[in-house]
Amino acid sequence: MESNILMERSESRILHTYNRYKVVLDHGEGVYLYDIEGKKYLDFAAGIAVQALGYGNEEYNNALKNQIDKLLHTSNLYYNQPIAEAAEKLCAVSGLERAFFTNSGAEAIEGALKSAKKYAYEKDGCTDHEIIAMEHSFHGRTLGALSVTGNAHYREPFEPLPGIVKFAEFNNLESVKALVNKKTCAIIMETVQGEGGIYPAEKEFLAGVKKICEENDILLILDEIQCGMGRTGAMFAWQNYGIQPDIMTCAKALGCGVPVGAFVMTQKVADGSLKPGDHGTTYGGNPFVGAAVSKVFDIFEEKNLVEHVKEISVYLEEQLDKLVEEYNFVTARRGMGLMQGLELTIPVGEVSAKALEYGLIVITAGSNVLRFVPPLVIEKEHVDEMIEKLKKVFCEFK
Ligand SMILES: *Cc1c(COP(=O)(O)O)cnc(C)c1O
């Protein structure tokens, strides 16, 4: 009852841009969420790959509480200690050299695109550079991020979008080569496509794109907003490939619940791109988010979370593969680490809605993929519980 009233109140005043699941979430503990009526849910979505540490991590919560009492915000006109530490840790784990903190993933993409454009402008003084992006990609909803998002349905109502963007087929090197010319300033892609349906880049493809970039002084921008922060069994997914981007974007699990993103680059790109006055943000990188990011990296290290993901994801993959064998409407599994997708021939939206009834939170990706992006702290018992609940859901579709 209480839920219904709250949902109605929300719908009457919040702009209707989401068709939400019919649940009002209230609090979380570990890898479980509870709605306002006290019903318990096993969470295999983590607020869309954000809550890497799950819920109620005491060390993380205390770091935030302490920072609230000290100082929330200063603006970027002054220095602050938490964000300096966060930047050092982000650079240390990525091997990249300069970070700019944003308030969201889309803003990190905007910054990465601006950096690439400025880098090319500094070289030849022209402003007619082109960007190559991938079909079925997702980079966010702001106009710049939308311009490189390979989903016509998201883009069309808002065209013309800024910049000259050409779309190549993901994992098809020839299709990228065909678009490269003297005006190409950047190639942008997700290392593992998320919203598009959980498609990891193939090794030869990413290596080939990297080579094209090196040979032509084109910047490789890797979007690690969803696949980064340990999710694939490496701190950043590209670290599984033995290459390095010129610029990467982070958000989602970077702050584990606090709105923060970043674009991070090599010293070479930093030296040749954004200068004082070229970019800015009022909130971005304030002491509060700095304290969160800094503590997130500490906890990742203490808990050896990346190693944990490597181990537990083998088990998750095995269990998901069994579903592919067992159910004729489960046609494929794809993914890396704790970023997994099951391709279904039954309506995925109905499956994820039904799962809620059984106390399981899973989300969808693309039009036919059930997406699993749980907190990185899950254990085998949680995988077993998820599979058990999912089987009950599948039963209703037999
Ligand atoms: C979520 C996401 C974004 C956008 O991030 P927001 O914080 O929603 O702006 C960009 N790229 C990828 C790969 C994402 O998954």
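Tabulated values for the structure
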{"item": "Karplus (6.51, -1.76, 1.60) ³J(HN,Hα), θ = phi - 60°, over region 222-239, in Hz, Gly and Pro reported as x", "result": "9, 8, 10, 4, 9, 8, x, 6, x, 4, 9, x, 9, 4, 10, 4, 5, 5"}
{"item": "Likely footprinting exposure, THR232, THR142, fewest C-beta neighbours within 10 Å first", "result": "THR142, THR232"}
{"item": "Global geometry of region 71-303, whether rounded, prolate or oblate, following the gyration tensor of its Cα atoms and the 1.5 cut on a/c", "result": "prolate"}
{"item": "Around ILE243: net Lys/Arg minus Asp/Glu count, Cβ-Cβ under 12 Å", "result": "0"}
{"item": "Student exercise, region 265-398 dipole from Lys, Arg, Asp, Glu Cβ charges, in Debye to nearest 20", "result": "400 debye"}
{"item": "Part-to-part distance (alpha-carbon centres) for region 1-32 and region 275-342, which is given in Å", "result": "25 Å"}
{"item": "Helix 81-94 vs. the chain, principal-axis angle (Cα, 0 to 90°, nearest 10)", "result": "90 degrees"}
{"item": "Cα-based shape type of region 264-310, given that a ≥ b ≥ c are square roots of the gyration tensor eigenvalues and the cut on a/c is 1.5", "result": "oblate"}
{"item": "The chain - convex hull of alpha carbons, volume per residue in Å³", "result": "148 Å³"}
{"item": "5 angstrom amide H check on PHE170, placed H, neighbours 5+ away", "result": "GLU135"}
{"item": "Gaussian network model of the chain, springs between alpha carbon atoms under 10 Å - residue of VAL330, VAL264, VAL296 with greatest fluctuation", "result": "VAL330"}
{"item": "Using alpha-carbon coordinates, inclination of helix 305-326 to the longest axis of the chain, degrees", "result": "60 degrees"}
{"item": "Of all DSSP beta bridges in the chain, antiparallel share, percent nearest 5", "result": "65 percent"}
{"item": "PHE100, PHE205 arranged by Cβ crowding within 10 Å, fewest neighbours leading", "result": "PHE205, PHE100"}
{"item": "Cβ-based exposure ranking for LYS354, LYS117, in which fewest neighbours within 10 Å come first", "result": "LYS354, LYS117"}
{"item": "Within region 71-303: Cβ-based charge dipole about Cα centre, in debye rounded to nearest 20 (Lys, Arg +1; Asp, Glu -1)", "result": "200 debye"}
{"item": "R0 of 45 Å, Cβ-Cβ distance LEU77-GLU174: FRET efficiency to nearest 0.05", "result": "0.40"}
{"item": "Over region 1-145: Kirkwood hydrodynamic radius from C-alpha pairwise inverse distances, Å", "result": "19.8 Å"}
{"item": "Set LYS114/LYS275; LYS70/LYS114; LYS354/LYS391 screened for pairs whose C-alpha atoms are more than 23 Å apart", "result": "LYS70/LYS114"}
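All of the numbers you see were taken from the coordinates with simple rules; none came from a lab. Quick caveat: nothing in here was measured; it's all calculated off a predicted structure. Cβ coordinates were reconstructed from backbone atoms using ideal geometry, including for glycine residues, and neighbour counts include every protein chain displayed.
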